[in-house]
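S.K.: Let me begin by handing over the structure; questions about it come next.
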Amino acid sequence: MKVKELLSKLKAEDIQEVREAVEQLRDYESPEVIKALVDLAISRKNRAILEAVKETLINFKNSTVCKEVIELFNTSEPKLRQTAIEILSYRGNECIPFVKKHLICSKDSNMRKFALDILSNINTESALEELAQLLNDPDVNVRMTALEYLRNFSSFKEKVVELIVKTIPYIEDMYGLTTLASTVIYGELKDSKLIKPLREMLNKFTDPLEKHWIYKTLLFLGDKEILREAVENAKEAEMEEDIRKDIEIFGS
């Protein structure tokens, strides 16, 4: 069946007929087909069709896929945006320039967060370099999401630790402290270079509950010198059971 015939079938009323046409178009990779499939996803908003479009576009190697799929972020449909995240993530470094231009550089903080979702899935050194820019984003939710996603780049541990060291002085509240702790602990980013800036951070906070998260992170890093004060602080914060579990788990 020729491409024109398959493209005409994309307008059919029957969902199964449309889906079959989408699947057959996998053999006809071209900018025209790619644009038609993206337009189809936007216009039909059907789950079965959307899944077929996603699988077909993922199989294409033409860089036009990145250019066209990024347009899905201009819709207000969550499932279309999620599909775009999945396709662009799968394409990897090839799509980073489009992610940078249309999402990272967007004035909309939601778009910048979508960029972080993609970059963390791509999980390459180039993706890490772009994510690092958003650690200084004016929006706190974007900054904290960037910090949280650093845990996905543990294969570039040295660079990640450097980024965290630079970020620590700018953490101001519980949101930042809990995000920092989870990033270091769940990312298994055990590095002695983090100990000094974290100890210095203890002087910045007075609330025992806030300090608890710093002590928690230091215990994970193996800082035994703060063991006693960590327990005393936990008593004040009414988190003694939690800190003692950490001591047992982390072997401090």
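S.K.: Round to the nearest 10 and give me the degree value, 0 to 90, for the angle of helix 78-91's Cα axis relative to the longest principal axis of the chain.
M.R.: Result, in degrees: 90.
S.K.: Go through (i) 0.99; (ii) 1.14; (iii) 1.12 and flag the label whose value is the computed Rg/Rh (Cα atoms, Kirkwood Rh) for this structure.
M.R.: (ii)
S.K.: Check the chain for me: any Cys whose beta-carbon has no other cysteine beta-carbon within less than 4.7 Å?
M.R.: When partners are defined as cysteine Cβ atoms under 4.7 Å apart, the chain leaves C105 without one.
S.K.: Moving on to the next point. Tilt of helix 208-220 relative to the longest C-alpha principal axis of the chain, in degrees (0 to 90, nearest 10)?
M.R.: 80
S.K.: Right, another one. Cut-off 10 angstrom, C-alpha nodes, Gaussian network model of the chain. Which of S109, S76, S126 fluctuates the most?
M.R.: S76
S.K.: Right, another one. Once both axes come from the Cα atoms, what is the angle between helix 15-24 and the longest principal axis of the chain, in degrees from 0 to 90, rounded to 10?
M.R.: That helix lies at roughly 90 degrees to the long axis.
S.K.: Label E241 and N46 with points 7 Å out from Cα along Cα→Cβ: what is the distance between them in nm?
M.R.: Calculated label separation equals 5.4 nm.
S.K.: Tell me which GluC sites (Glu not before Pro) from segment 222-252 have a DSSP coil assignment and no more than 16 other beta carbons within 10 Å of their own.
M.R.: For GluC sites (Glu not before Pro) across segment 222-252 that sit outside H, G, I, E and B with at most 16 neighbouring Cβ atoms in 10 Å, the list reads E238.
S.K.: Multiply the residue gap between K107 and V165 by 0.36 nm, knock off their C-alpha separation, and tell me the result in nm, one decimal place. Write down the numbers at each step before the final one.
M.R.: Values: separation 58, 0.36 × 58 = 20.88 nm, distance 2.72 nm.
The K107-V165 span can extend by a further 18.2 nm.
S.K.: Within a 10 angstrom radius of the beta carbon, how do S120, S30 rank from fewest other beta carbons to most?
M.R.: S30, S120
S.K.: A further question on this structure: Going by C-beta contacts inside 10 Å, put C66, C105 in order with the fewest on the left.
M.R.: Working: C66 22, C105 12.
Ordered from fewest to most neighbouring Cβ atoms within 10 Å, C66, C105 come out as C105, C66.
S.K.: Let me ask you something else. If you take the square roots of the eigenvalues of the alpha-carbon gyration tensor of segment 104-252 and sort them as a ≥ b ≥ c, do you get rounded (a/c under 1.5), prolate (a/b over b/c) or oblate? Let's see the in-between values first.
M.R.: Values: a/c = 2.38, a/b = 1.78, b/c = 1.34.
The shape class here is prolate.
Coordinate-derived values only; no laboratory data. Since this is a predicted model, take the numbers as computed values, not measurements. Don't worry about glycine lacking a Cβ; one is built from the backbone with ideal geometry, like all the others, and counts go over all protein chains shown.
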